[in-house]
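Structure, as structure tokens:
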Amino acid sequence: MNAYVARPADGAPRPGLMVFQEAFGVNAHIRDVTERCARAGVVAIAPELFHRTAPGFEAAYTDFPATVPHMKAMTVEGLMQDIRAAYDWLQGDPQVRKDAIASIGFCMGGRASFLANATVPLQAAISFYGGGIAPALLPQVASLHATMLFFWGGRDKHIGPEQIRAVIDECKRLGKPYVNVEISDADHGFFCDARASYHPEAASLAWGICESFLHFHVHRPELRKRVR
């Protein structure tokens, strides 16, 4: 499995972050997000989740049908293997702090980020409009290791309110820590500046929340311990 990696240039010990792609591949946008994460002070790795069926795959945002065969070929077991491989790579990188690893993902990758939190012992996880968590992955809520940060768009026709409610209700029922953010006038894909649904204000707000969330949970974990 190939992956795109970006890291802070100073070589100092840093947290690690898995960046999970949309259905359109580890494309220019995901590579840009990975670089942006590195500038925010983490060693970031974006694994190619379609490596079994289409290594190096990229599709235009206007060509969703091209992504469908590869999405259908994915399995939960295979995705968990890819998550563990990316996590193990971060664990083995000399610049990464082994006790400070998180994940972030978008759309299909939002689902992967949720699953990563249930698969490996993360310190934090972020899911942007992760479709398909409910109902299929709801049993994984019981295995979540760390606080989840969820982002949803209020105008998203792909993820209905009943799906969001099912995810949050299950986190509540099992006492799993989470932060739930719904931006009422944002649509699916609002964070991606290469998509027609890009919402600059929502994207800026969400990124600020992400930075604060990661600062609290992985950059300065002593703050979290002090609060608890």
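The values are calculated or read from the model by the stated rules, or taken from the named source; none is laboratory data. All of these numbers come straight from a predicted model, not from anything done at the bench. Ideal geometry is used to build each Cβ from the backbone, glycine not excepted, and the neighbour counts take in all protein chains shown.
Couple of notes before you dig in:
- Restricting region 1-38 to residues that are out of contact with any strand residue (DSSP E or B) (no Cβ under 8 Å at 6 or more places or on another chain) and closer than 17 Å to His215 by Cα leaves a set whose member that is surrounded by the fewest Cβ atoms within 10 Å (Cβ to Cβ) is Ala12.
- Near pairs, Cβ below 8 angstrom, 6+ apart or cross-chain, from region 105-127 (free of Cβ contacts under 8 Å to residues at least 12 places away in the same chain) to any residue that is of a type outside the set (Gly, Ala, Ser) and assigned to a helix (DSSP H, G or I): none
- Of the residues making up region 171-196, just one is loosely packed, with under 13 Cβ neighbours inside 10 Å and either hydroxyl-bearing (Ser, Thr, Tyr) or closer than 16 Å to Gly109 by Cα (or both), namely Ser184.
- Condition met for Ala134 (in contact (Cβ under 8 Å) with a residue 24 or more places away in the chain and more than 15 Å from the chain's Cα centre (by Cα)): yes
- Scanning region 68-115 for residues that are out of contact with any Phe, Trp or Tyr (no Cβ under 6 Å at 6 or more places or on another chain), hydroxyl-bearing (Ser, Thr, Tyr) and either in a helix (DSSP H, G or I) or farther than 27 Å from Ala186 by Cβ (or both) gives Thr75, Tyr87.
- Subset of region 197-206 [surrounded by 13 or more Cβ atoms within 10 Å (Cβ to Cβ) and either over 18 Å from the mean Cα position of the chain (by Cα) or without any contact (Cβ under 8 Å) to a residue 60 or more places away in the chain (or both)]: Ser197, Tyr198, His199, Ala202, Ala203, Leu205
- Scan of region 116-139 for residues that are farther than 17 Å from Pro161 by Cβ and assigned to a helix (DSSP H, G or I), ordered by number: Ala116, Asn117, Ala118, Thr119, Pro139
- For region 82-133, a residue qualifies if it is of a type in the set (Asp, Glu) and either touching an Asp or Glu at 6+ places or on another chain (Cβ under 9 Å) or within 14 Å of Tyr178 (Cα to Cα) (or both), and exactly one does: Asp82.
- Top-ranked residue of region 57-78 - restricted to ones that are small (Gly, Ala, Ser) and out of contact with any strand residue (DSSP E or B) (no Cβ under 8 Å at 6 or more places or on another chain), ranked as farthest from Gly25 (Cα to Cα): Gly78
- Test set (1) touching a Lys or Arg at 6+ places or on another chain (Cβ under 7 Å); (2) under 26 Å from Thr62 (Cβ atoms) - His199 fails condition number: (1)
- Within region 7-46, the set of residues being over 23 Å from Leu79 (Cβ atoms) and in a strand (DSSP E or B) comprises Arg14 only.
- Residue within region 151-170 that is surrounded by 21 or more Cβ atoms within 10 Å (Cβ to Cβ), outside any helix (DSSP H, G or I) and touching a helix residue (DSSP H, G or I) at 6+ places or on another chain (Cβ under 7 Å) present: yes
- Which listed residue, of Leu223, Leu205, Leu214, is in a helix (DSSP H, G or I), at pLDDT below 95 and out of contact with any Lys or Arg (no Cβ under 8 Å at 6 or more places or on another chain): Leu223
- Qualifying positions in region 93-131 - acidic (Asp, Glu) and either under 9 Å from the mean Cα position of the chain (by Cα) or buried (at least 24 other Cβ atoms within 10 Å of the Cβ) (or both): none
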